[in-house]
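The values are calculated or read from the model by the stated rules, or taken from the named source; none is laboratory data. The structure presented is a predicted model; accordingly, all values stated were derived computationally and were not measured. Here Cβ is always computed from backbone atoms with ideal geometry, including for glycine, and neighbour counts include all displayed protein chains. Surface accessibility is based on the protein's heavy atoms, side chains included, excluding ligands, DNA and RNA. Shrake-Rupley method; radii C 1.70, N 1.55, O 1.52, S 1.80 Å.
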Amino acid sequence: MARIAYDDTDAAAFEATRHLADDGLSAWREAVARHLDPRPGVRVLDLGSGTGRWAQAFTAWYDRVEVVAVEPAEAMRARSVYRPVVAGDAEHVPLRDGSVDAVWLSTVVHHVPDLTRAARELRRVLRPGGRVLIRSAFAGRHQAITLFRWFPEAVRVLDSYPGVADVEAALGVARFGTVGFEQVPQVTATSLAEAARTLRREAHTPLQLIGDDEYAAGLARLREAARHETGPVVDALDLLVLT
């Protein structure tokens, strides 16, 4: 499923550096609530749940919402803060037909080899009227993500990801249509100095897929900027909603 292996090293780096603080996610809580209607009894599939941070957040944020976590990488499942988590991927979801009200995919779609097959699988497991919420960095939309200021070489990796129109077209094969699209801000780090200190290359697909010299140059730029810039690091990722 993944562009990178997500072995023990990758999963450990992800666990150590990609879990955002609750107070940095308030805008995501509000955005998800606008599109999901998270009333008691709603069942959400967290597909590509990683180390379980979003599944954990949903159950803490929304009263009596049930989250089913599905993750393909064994190393990520082993580190999941949410239980249970089961093996599966976007083309092979281990759930019955019509068994969930919504699907959440966070920074996952660029790892899916065949989005059309995945779309049919999402349609299968969703109940009528169910929604797909996709949190992602899409091709051509790097401007609101701080990482790319210091690692501009990584933009070419991002631009190999599916774009918004690509995802809409693939899911359209399974009769999905877009009902929402917005940028959602998040506090990624309390300061640029913290971001520089805690950065792990293994936790970021675009950084893994650039050259070593390019990574070293970007890291030097980041560390130099961290000596002077103050204030929190605020990024914005996109939320694409389809039904």
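Before moving on, here are some points about what is shown:
- Prolate/oblate/rounded call for region 1-110, Cα gyration tensor, a/c under 1.5 rounded: oblate
- Sulfur and carbon atoms: percent of accessible area, the chain [1.4 Å]: 49
- By the equivalent-ellipsoid construction on the alpha carbon gyration tensor, the chain comes out with semi-axes of 29, 19, 18 Å, ordered largest to smallest.
- Judged by the mean number of other Cβ atoms found within 10 Å, the most tightly packed of the peptides 45-56, 90-101 leads the ranking 45-56, 90-101.
- Ellipticity estimate at 222 nm from DSSP helix runs (n ≥ 4, -39,500 (n - 2.57)) divided over the chain, nearest 500: -10000 deg cm²/dmol
- Shape category assigned to region 194-243 from the gyration tensor of Cα positions, a/c cut at 1.5: oblate
- Rounded tilt (10° steps) of 26-36 against the dominant C-alpha axis of the chain: 20
- Relative contact order of region 23-103, pairs being alpha-carbon contacts under 8 Å that are 6 or more residues apart, as %: 32
- Size of electric dipole in the chain: Cβ of Lys, Arg +1 and of Asp, Glu -1, about Cα centre, debye, nearest 20: 560
- FRET efficiency for Arg200 and Arg96, using Cβ-Cβ distance with R0 set to 51 Å, rounded to 0.05: 0.85
- Per-pair calculated FRET efficiency, R0 = 35 Å: Asp213 and Thr116 via Cβ, rounded to 0.05: 0.40
- Rounded to the nearest 0.05, the FRET efficiency derived from the C-beta distance between Arg221 and Ala78 at R0 = 35 Å is 0.55.
- Degrees between helix 212-226 axis and first principal axis of the chain (Cα, 0 to 90, nearest 10): 80
- Rg to Rh quotient for region 119-243, alpha carbon positions, Kirkwood Rh: 1.06
- The mean accessible area for residues of region 43-180, using a 1.4 Å probe and ignoring ligands and nucleic acids, is 40 Å² per residue.
- The smallest convex shape that holds all Cα atoms of region 77-157, its convex hull, gives 140 Å³ per residue.
- Available extension along the chain between Ala87 and Asp159 is 23.0 nm, counting 0.36 nm per residue and deducting the alpha carbon span.
- Normalised by the number of residues in the chain, the average gap of Cα pairs under 8 Å and 6 or more apart makes the relative contact order 23 percent.
- Dipole axis of the chain (+1 Lys, Arg; -1 Asp, Glu on Cβ), positive-most option in Ala220, Ala33, Ala119: Ala33
- Highest mean first, the peptides 177-187, 59-69 sorted by other C-beta atoms within 10 Å per residue fall in the order 59-69, 177-187.
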